[in-house]
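Quick note: the coordinates plus some simple rules give every number you see, no bench work behind them. It should be emphasised that the depicted structure is a prediction, and the values quoted were computed from it without experimental measurement. Please note: Cβ atoms are built from the backbone with ideal geometry, for glycine as well, and neighbour counts cover all protein chains shown.
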Amino acid sequence: MYLSHFKAAGFRNLAPLELDFDPKVNLFLGENAQGKTNLLEAIYFLALTRSHRTSNDKELIGFGADFASLEGHVHKSQVELDLRLVISKKGKLAWVNRIEQGRLSKYVGHLNAILFSPEDLDLVKGAPGIRRRFMDLEFGQVSPEYLYYAGKYRQVLQQRNNYLKQLAKGGAKDQVLLDVLSDQLAQAASEVIARRYKYLADLSRYAAKAYQAISLGREDLRVIYRPSVKEISEADAPRQIQEKISQRLAQVRADELRRATTQLGPHRDDIEFQLGGKNAHLYASQGQQRTIALSLKLAEISLIKQLTNESPILLLDDVMSELDHLRQGALLTFIQGQTQTFITTTDLAGISREIADQPKIYYIQSGQ
Ligand code: ATP
Ligand code: MG
C-alpha cells in the first residue's frame, strides 16, 4: 500500500499543507527543529491515531489552533481509500471514505505504518513498559482482535485495581466482586498472551532475517516472550493460560490486598532479545542494540505483509545519523522496492547514492 496524497492543518508547527507523495522513496530534508519529525508523526498518526512521542494528543495541536486535521489518500492492491482524522481538545474523530467510524478500532488498520525513530533504542535498553507498548501498538495494527482484547484487558485491570483500592481502604467488604473481576481478567489476559506468543514468534523469525542483512551476517538475533506468570508456556492454549493465571491470582491474593494493585498479567510481561544466546539488554553494544530495534521494525513490515497481503509504509526518523556506512547501505538495500518509505535527514550525503529509485525530496523550513 502507499499514501499518495496527504493534507494536514493545525498539527504541531506544520503550516497547512497538501502534498503528493512518491510511491517509493520520499526524503524530508531540513535543518533541526523545522518540522521533519512532526511531518512523520502526522503521517503515523493518520495511520494509527496514536503518536510515537506522546500519549497526550493535546500536545499535537498547533500552538494557537483549536484542533488538528489530517487527511490521506491510500492506495491498496484492490482498493483506494480516503482517511480523515480530527484531533480536538475533547478527543478524536475518524472517517473512512467520508463515513464516520463509531470506534477508533474500526478505523485503525486501513493504513499500516511502521516508524523507526531514535527513541526506539529504548525498546532494547529501556524498561519493560516500552516493550509492552510496542506489542500493543504493533500487534493492534495487524489484528483487530488483539486490539479488542488488549483494550478489554486494560479496562478490567483498571476496574480490578480500583476495587482492590476500595477493599484496602475498607470502603468495600466482600471479595465476591473481586472473584468475578479476577475471572474476567484471567480470560482477557489469556487472549492477549496467546496472541502475543503467536505474533512474536513470527516477528522473531523476520527480525532475525533483517538483523542478518543489516549486520552483514555477523550475529544471530532471537526474540522471546517472558510472561510474568512463569508457569505459562508457548504451547499453552488460551484455556490453559487462563487457568494458570487464575491459580497464580489465588496464590497472590493476600499480597494484592495489601498492595492494592494487580501483581501479574500481560501488564507485567516482557520480551527478551538475545544475540548469540546472550541477553542483549545486558550485553549488547550500542550499535547492536540500535540494529536490534531497527530489525524489529523491519520485521513488522514482513509480519503485516504476511497477515494482510499489503506492505505497510515505512517511516524512518534520523535513522542514517545513527548507523555506520556499511549498515546504512545494507539497510537501504534491504528495504529497496519493499515498501513506500519516508526518510528524514539533515543532509543528503550518503543517502541518494544508495537508492537506485531516485527519491522525491521535500525541503522543510519553519513548518513549510
Ligand atoms: P531535528 O532535526 O532536530 O529532529 P525536526 O525538523 O525533526 O528537527 P520537529 O521535531 O519536527 O523538528 O519540531 C519542529 C518544531 O515544532 C520544534 O521547534 C517544536 O518546538 C515545534 N512544536 C512542537 N510541538 C508543537 C505544537 N504543538 N505547536 C507548535 N509547534 C510545536
Ligand atoms: Mg526530528
Problem set entry | Built amide H within the under 5 Å cut-off of Leu315, gap 5+ | Ile114, Leu115, Phe116, Phe342
Exercise. Based on the mean of other beta carbon atoms within 10 Å per residue, what is the order of 88-101, 212-225, most packed first?
Worked result: 212-225, 88-101
For this session: May I ask for the distance between the Cα centers of the range 297-336 and the range 107-126, given as a whole number of Å?
Result: 11 Å
For this session: Note down the relative contact order for the range 90-224 as a percent, whole number, built from C-alpha pairs under 8 angstrom at least six residues apart.
Result: 16 percent
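Any chance you could tell me what percent of the C-alpha pair distances in the chain go past 37 Å?
On the way: 16510 of 67528 pairs.
The answer is 24 percent, as a whole percent.
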For this session: Taking every pair of Cα atoms in the range 270-368, average 1/r, invert it to obtain the Kirkwood radius, and report Rg/Rh to two decimals.
Result: 1.00
Problem set entry | Members of Lys125/Lys169; Lys152/Lys305; Lys89/Lys152; Lys58/Lys209; Lys106/Lys230; Lys152/Lys230 lying beyond 29 Å, as alpha-carbon distances in this model show | Lys125/Lys169; Lys58/Lys209; Lys106/Lys230
Seminar exercise, completed: Taking a ≥ b ≥ c as the square roots of the eigenvalues of the Cα gyration tensor, with a/c under 1.5 meaning rounded and otherwise prolate when a/b exceeds b/c and oblate if not, the range 207-293 is prolate
For this session: Using θ = phi - 60° and the Karplus relation 6.51 cos²θ - 1.76 cosθ + 1.60, list the HN-Hα couplings for the range 67-78 in order, rounded to whole Hz, with x at every Gly or Pro.
Result: 8, 10, 10, 10, 9, x, 10, 10, 9, 10, 5, 9
Problem set entry | Spatial extent of the range 298-352: Rg and Dmax, with the Cα atoms as the point set, Å | 12.1, 36
For this session: At a Cα cut-off below 21 Å, give the lysines reachable from Lys360, other chains included and same-chain residues fewer than 8 away excluded.
Result: Lys7, Lys24, Lys36, Lys76
Seminar exercise, completed: Given backbone amide H placed at 1.01 Å from N, residues whose amide H is under 5 Å from that of Gln101, ignoring those fewer than 5 places away on the same chain, are Ala94, Trp95, Val96
Seminar exercise, completed: Between the alpha carbon centres of the range 20-86 and the range 152-205 the gap in Å comes to 34 Å
Exercise. What span do the alpha-carbon atoms of the range 1-139 cover on each of the three principal axes, reported in whole Å from largest to smallest?
Worked result: 41, 36, 33
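Do you know the relative contact order of the chain, to the nearest whole percent, from alpha carbon pairs under 8 angstrom that are 6+ apart?
Reported relative contact order: 27 percent.
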Problem set entry | Spin-label model distance (nm) - Leu81 vs Arg239, 7 Å beyond Cα toward Cβ | 3.5 nm
Exercise. Distance in nm between label sites at Asn279 and Ala250, each 7 Å beyond Cα in the beta-carbon direction?
Worked result: 3.1 nm
For this session: Normalising by the residue count of the range 123-309, find the relative contact order in percent from Cα pairs under 8 Å and 6+ residues apart.
Result: 31 percent
Exercise. To the nearest 500 deg cm²/dmol, what mean residue ellipticity at 222 nm is calculated for the chain from DSSP H runs of n ≥ 4 alone, each contributing -39,500 (n - 2.57), summed and divided by the residues?
Worked result: -14000 deg cm²/dmol
For this session: May I have the extent of the alpha carbons of the range 123-309 along their three principal axes, as whole Å values ordered from largest to smallest?
Result: 62, 36, 24
